[in-house]
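Q: One structure follows; several queries about it will come next.
Computed from the coordinates by the stated procedures, all read-outs in this text should not be read as laboratory data. These numbers were taken from a predicted model, which means no experiment stands behind them. So basically every Cβ, Gly included, is an ideal-geometry build from the backbone, and we count neighbours across all protein chains shown.
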Amino acid sequence: MVPRATFSSYYGRPIVKRPVWSRRDIAGYLFTGGLAAGSSLIAAGADVSGRPALRRSARLTALAATAASGAALVHDLGVPSRFHHMLRVAKPTSPMSVGSWLLSAFAAPMGVAALSEVSVLVPRPLRPVVDRAARPSGLAAAAVGSGVATYTAVLLADTAVPSWHSAYPELPFVFAGSALSASAGAALLGTPTAETASVRRLALLGSALELAASQRLEHRLGLEGEPYREGKVGVQMKAAKAMTAVGAAGAVLGAGRSRAVAAVSGGLLVAASVLTRFAIFDAGVASTEDPKYVVLPQKQRTAPN
């Protein structure tokens, strides 16, 4: 009997290079970008519908998350001027270029909208101007927010990393759902229950979208979905799904009556989103370390029917 073939590469080196991105910076950036984008949508809706406490909480969350996103991205680049250099050109075929412009177009109006909630930081002569610009700026940020929430999924899928590249149909939906559930969770943490009815429904919608897309991603991919299901990453994904489901159930069933339930549900949704982003990042790295995730899918695609 011929022994089963083992897949290895020359001199034991991986066929596809491991991503050089910092796990903490980029996985963190995936989370904070989604949180900022989702919170901008909540803030815009709260502003239009007359929910001042929810608007303030969401705007400040979006501002903090945007600042954290920028800090993580610049730290991973190593030299702050590199981010500036990416804005010297606009390349529609490059997710990195498009993302840099999206983040810049999002951060400026979001900053103006958030400043109106902390007027003590604004010089007195400028306060009327900032107040008048707050709503248009918040709406502008919300309009760009959907792109900010999902472009990172396109960025990952545009690489040669097997478990990211093959997941291109589902990753944007996973990231969009995760962004909505995380921002709804943050709003539940920082807003009185009287103004969170719409947020509770959003938590259910985002969680359902994330869970459905994650489930399809893991099982449609076959072998390339294995890194999402096995080992440490598999445990992370299962824990994230359980926390998302429990958080969404708590948001819908009890958060409207109990501030404690709202806080616990919101915390679970935020933590689940963090865990999901880190698990997706780790799954991609794991798929570059075993040659079978590169060789076998290629053989299957080129095999005659």
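Q: Could you list all residues from the range 272-305 that are of a type in the set (A, V, I, L, M, F, W, C), without any contact (Cβ under 8 Å) to a residue 40 or more places away in the chain and part of a helix (DSSP H, G or I)? It would help to see each step written out before you state the result.
A: Just the residues of the range 272-305 that are of a type in the set (A, V, I, L, M, F, W, C), to begin with: 272, 274-275, 278-281, 283, 285-286, 294-296, 303.
With without any contact (Cβ under 8 Å) to a residue 40 or more places away in the chain added as a condition, the list becomes 275, 303.
LEU275 - this is the single residue of the range 272-305 that is of a type in the set (A, V, I, L, M, F, W, C), without any contact (Cβ under 8 Å) to a residue 40 or more places away in the chain and part of a helix (DSSP H, G or I).
Q: What number goes with the only condition from (1) buried (at least 16 other Cβ atoms within 10 Å of the Cβ); (2) without any contact (Cβ under 8 Å) to a residue 12 or more places away in the chain that ALA90 does not pass?
A: Going through (1) buried (at least 16 other Cβ atoms within 10 Å of the Cβ); (2) without any contact (Cβ under 8 Å) to a residue 12 or more places away in the chain one by one, ALA90 breaks only (1).
Q: Kindly evaluate VAL130 against the criterion of being without any contact (Cβ under 8 Å) to a residue 60 or more places away in the chain and surrounded by fewer than 16 Cβ atoms within 10 Å (Cβ to Cβ). Before the answer, list the steps.
A: Numbers: without any contact (Cβ under 8 Å) to a residue 60 or more places away in the chain: yes; surrounded by fewer than 16 Cβ atoms within 10 Å (Cβ to Cβ): no.
So VAL130 does not fit the description; no.
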